[in-house]
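Report on one structure; see the data block that follows.
The values are calculated or read from the model by the stated rules, or taken from the named source; none is laboratory data. Since we're looking at a predicted model, the values are computed, not measured. Neighbour counts run over all protein chains shown; Cβ positions are idealised from the backbone, glycine included.
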Amino acid sequence: MSAAYPRLVSGTSISLLMSLGLLAGSAAAQSEDGETIVLDTIVISAEDQAKQALGASTITSAEIQKAPPVNDISEIVRKMPGVNLTGNSVSGTRGNNRQIDLRGMGPENTLILIDGKPVMSRNSIRMGRQAERDTRGDSNWVPAEMIERIEVLRGPAAARYGSGSAGGVVNIITKRPETFTGSVGVHMSMPDDDREGGSVRTNFMLGGPLNENWSFRVFGNYSKTDPDSTELNADAAAEAELETPYAGREGVVNQDIGLLLGWLPIDGHEVDFEFNFSRQGNRYSGDSAGGSIQPDLDGENLLGLETNRMLRRTLSTTHRGEYSFGESNSYIQWENTRNTRNGTSATGGSTDNINTLDQSTITYDSVTAKTEWILPMTLGTRDSRLTFGAEYRGEFLEDENRTQVSNVNDGQPLSDEQHMLGLYAEANIMWNDKLTLTPGLRYDYGDTFGSNLSPSLNTTYQFNDEWSMKVGLARAFKAPNLFQLNPNYIYSTMGMGCPPGVVTPCEIQGNPDLEAETSFNKEIGVAYSGVNGINASLTWFHNDYKNRIAPGFTDRGDRPDGGTILQWENTPEAVIEGIEGNFSTEFGGGQYALNVNLTKMLESRDKRTGNALSLVPEHTINASLDWYARDDLTFTVSATHYGRIEAARVAVHTGIEQEDLDERPSYTLVNLGLAWDVTDTAKLSAGVNNVFNKQLFRTGQGANTFNEPGRAFYVSLNKTF
């Protein structure tokens, strides 16, 4: 097989095993005259060690080209072990706005990074009565063609990243040309069912060195996905005897531009100055908080209009340094998000439904700063690398929509803020030629929730050249968000939707006394790399989740106008347990490559209600078979099987047991694709997603809370020069 063939396998099964050779002790090489030379032992940093964990996967730019996402990189991340798409609770509210969920911990416990910097724009969207946000998440701010790789890190190794990483981390690494390079790309997706929205995306990039000390990169992107028709779920609604069909997926238009300047002031030091701007606006499909179609307001047709838009801009400065005693990586970033929406109701059964044609804006700013220092040294007689770091996160929110808050502000926009400071230390210690230890300790202080201590210990043991084992333990946490903390954010039930035993009507308000959510994450796994190019891994994980923040059922006092006050509360324990597996091999003389991964959820249970924590399948199997027909041509057939999704048995916001709820049955999606290097500078991808047209429709009954789109044809062309 030619060296030009890509090795498109996940980091779960191969990156760990490649790196272990660097950790096993001194390596040997031969000089030109045949003399054996013993090389110095190489010890990688704790961060790099985490990326080699069994719970780590890497999606390369070649894989993205082979199966380009229609609109959002979540479409390709979902095919990694331990990953699904879901909402933040089992309510099913905003069911088609599914986001990345790692190991069943929910999207809010998945930390999204771009080039190592946190993305926090979804925090500008208020959290609804059932613990959901009307958000598409933070995985669609970078066009797929701009991505060099995506690092997906799950489990205990992710705890080093602080608040919001209890499930894991998705780090989007962007391309950075080393020579003067330009590129243009276009992608189109055409559904077979004309009731489903099609997509088109086009972008460009230009970058490279300006002189010996300066380099640059500039990119732009425009993408548009049309909304689904209001008729898409009509037949399913009639079969379920619903008065009003549920809405399909909303459309979205992304416009992005970015500029990066790189400066090399002296040898061993590099400084980046970066500015990015994105505008992301919806195309309304009629979706309401309950899911049923709301086509108009006061006689005004809303369908296809932009009812919400997000303007996101970032300014950042990054410094990477090399010194005689080690290396450093530091940055400071300002992220500003303007979340502008039609006004929505905060009362009754219409909570979060559009109730006015007027729009208002929530402005959310976050300032993040981090410095990390990596120092090679010897601890006793053991080679190691120590990492010391400090991180600051500041969040600042101002909401001009005064209908969402109580009257205590006398008509003034609501403002709130939160500050966190984290200090951490890790060591990657090569204990002997078989055992590597990675202990860590992180201390965080928040001016809203107090102190949090996050210890961790990850170990890797190399039995022999083929077999290795990893064990990980870590305590992770998530800070409460500004909407959950602020007592001036109030939702009123208007007499409906109250827990049993409380006087109606009831309202839920923010709680300034909330504690941080915590989880104790454990995993143990084995990996094999041996004959016939076989790479395999199997990992068991178990998370004990405490102080999860959810809508409260406890009477906190009387409303001035009668009724009961409820608050957001830290709830008792929850537990998540599962298995991840991965297998890959080549055969036919390297002409074929098979990759299979499995996620099995053994348990997901909120001990307060008995519900799962999120609507994820009981098991997921992803498989792909690549045929390298020529050096420049690859054909791929892939399939994903999703197990059944069980409906929530207890209502999230009332604690009342529900009956006659439908589960979503298991189903399988099959895709066909090709990737062709037409020339050295032109690449073509084309294929069919969901070949057998397995469409699933949204009825809102039990777990049927989202649409699975049917057959669609796609073509993607990228040209570099």
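Within the stretch 192-202, is there a residue that is surrounded by fewer than 21 Cβ atoms within 10 Å (Cβ to Cβ), farther than 26 Å from G281 by Cα and charged (D, E, K, R)? Within the stretch 192-202 (the criterion being surrounded by fewer than 21 Cβ atoms within 10 Å (Cβ to Cβ), farther than 26 Å from G281 by Cα and charged (D, E, K, R)), the answer is no, since none of the residues qualifies.
Does the stretch 92-142 hold any residues that are part of a strand (DSSP E or B) and of a type in the set (A, V, I, L, M, F, W, C), and which are they? Break it down stepwise before answering.
Within the stretch 92-142, the subset part of a strand (DSSP E or B) is 99-102, 110-114, 117-118, 127, 133.
Listed by number, the residues that qualify are I100, L102, L111, I112, L113, I114, M127.
So which residues in the stretch 700-710 are in contact with a Phe, Trp or Tyr (Cβ under 9 Å, 6 or more places away or on another chain) and at pLDDT 95 or above, if there are any at all? Across the stretch 700-710, the qualifying residues are N707, E708. The residue of the stretch 373-403 that is surrounded by the fewest Cβ atoms within 10 Å (Cβ to Cβ), among those that are part of a strand (DSSP E or B) and among the β-branched types (V, I, T), is T378. Residue count for the stretch 296-353 satisfying the condition of being free of Cβ contacts under 8 Å to residues at least 24 places away in the same chain, within 18 Å of G286 (Cα to Cα) and surrounded by fewer than 19 Cβ atoms within 10 Å (Cβ to Cβ): 4. From the list G268, G207, the one residue that fits, being crowded, with 19+ Cβ neighbours inside 10 Å and either over 30 Å from N339 (Cα atoms) or not charged (D, E, K, R) (or both), is G207.
The residues of the stretch 167-186 that are surrounded by 22 or more Cβ atoms within 10 Å (Cβ to Cβ) and touching a Phe, Trp or Tyr at 6+ places or on another chain (Cβ under 7 Å) amount to a single one, V169. Among the residues of the stretch 340-383, those that are among the β-branched types (V, I, T) and closer than 30 Å to D298 by Cβ comprise T340, T344, T347, T351, I354, T356, T361, I362, T363. May I ask you to list the residues in the stretch 284-295 that are surrounded by fewer than 20 Cβ atoms within 10 Å (Cβ to Cβ) and either touching an Asp or Glu at 6+ places or on another chain (Cβ under 7 Å) or part of a strand (DSSP E or B) (or both)? S292, the sole residue that qualifies.
Checked against the criterion of being within 27 Å of L153 (Cα to Cα), modelled with pLDDT under 95 and either crowded, with 20+ Cβ neighbours inside 10 Å or of a type in the set (A, V, I, L, M) (or both), the stretch 549-567 contains one or more residues that satisfy it. Quick one: which of L661, L674, L615 is under 27 Å from L598 (Cα atoms), touching a residue at least 12 places away in the same chain (Cβ under 8 Å) and in a loop (DSSP other than H, G, I, E, B)? After ruling out the rest, the residue left standing is L615.
In the stretch 458-469, the count of residues that are in a strand (DSSP E or B) and closer than 22 Å to R556 by Cα is zero. Residues of the stretch 518-549 that are outside any strand (DSSP E or B) and under 18 Å from A476 (Cβ atoms): N547, R548.
Yes/no matrix, rows are residues, columns are (1) aromatic (F, W, Y); (2) surrounded by fewer than 18 Cβ atoms within 10 Å (Cβ to Cβ):
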| position | (1), (2) |
| --- | --- |
| L598 | no, no |
| E603 | no, yes |
| D606 | no, no |
| L633 | no, yes |
| Y642 | yes, no |
| E659 | no, yes |
| L669 | no, no |
| A675 | no, no |
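Residue count for the stretch 304-336 satisfying the condition of being in contact with a Lys or Arg (Cβ under 9 Å, 6 or more places away or on another chain) and not in a strand (DSSP E or B): 4. Taking each residue of the stretch 684-698 that is over 19 Å from N622 (Cβ atoms) and looking for partners that are at pLDDT below 95 and β-branched (V, I, T) with beta-carbon atoms closer than 9 Å, six or more apart or interchain, yields R698/T705.
Rundown of residues vs (1) touching a Leu at 6+ places or on another chain (Cβ under 8 Å); (2) within 30 Å of E178 (Cα to Cα); (3) in a helix (DSSP H, G or I); (4) small (G, A, S), yes/no style:
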{"residue": "D228", "(1), (2), (3), (4)": "no, no, no, no"}
{"residue": "E243", "(1), (2), (3), (4)": "no, no, no, no"}
{"residue": "L259", "(1), (2), (3), (4)": "no, yes, no, no"}
{"residue": "E274", "(1), (2), (3), (4)": "yes, yes, no, no"}
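The residues listed here are D267, D272, D228, D287; of these, the one that is without any contact (Cβ under 8 Å) to a residue 24 or more places away in the chain and touching a strand residue (DSSP E or B) at 6+ places or on another chain (Cβ under 9 Å) is D267.
Only one entry of E507, E515 meets the criterion of being in a strand (DSSP E or B) and not aliphatic (A, V, I, L, M), and that entry is E507. For the stretch 491-506, the tally of residues that are modelled with pLDDT of 85 or more and either closer than 17 Å to N353 by Cα or hydrophobic (A, V, I, L, M, F, W, C) (or both) stands at 4.
Here Y628 qualifies as out of contact with any Lys or Arg (no Cβ under 6 Å at 6 or more places or on another chain), farther than 26 Å from G197 by Cβ and touching a residue at least 12 places away in the same chain (Cβ under 8 Å). Among the residues here, T438 does not qualify as assigned to a strand (DSSP E or B), modelled with pLDDT of 90 or more and farther than 30 Å from Y461 by Cβ.
Set side by side, the residues N532, N511 differ, and just one is at pLDDT below 90 and farther than 30 Å from L457 by Cβ, which is N532.
Only one of the numbered conditions (1) surrounded by fewer than 22 Cβ atoms within 10 Å (Cβ to Cβ); (2) closer than 30 Å to L264 by Cα is violated by E75, and that is (2). Taking the stretch 578-631 as the range and being closer than 19 Å to M105 by Cβ, modelled with pLDDT of 95 or more and β-branched (V, I, T) as the test, the residues that pass are I579, T599, T620.
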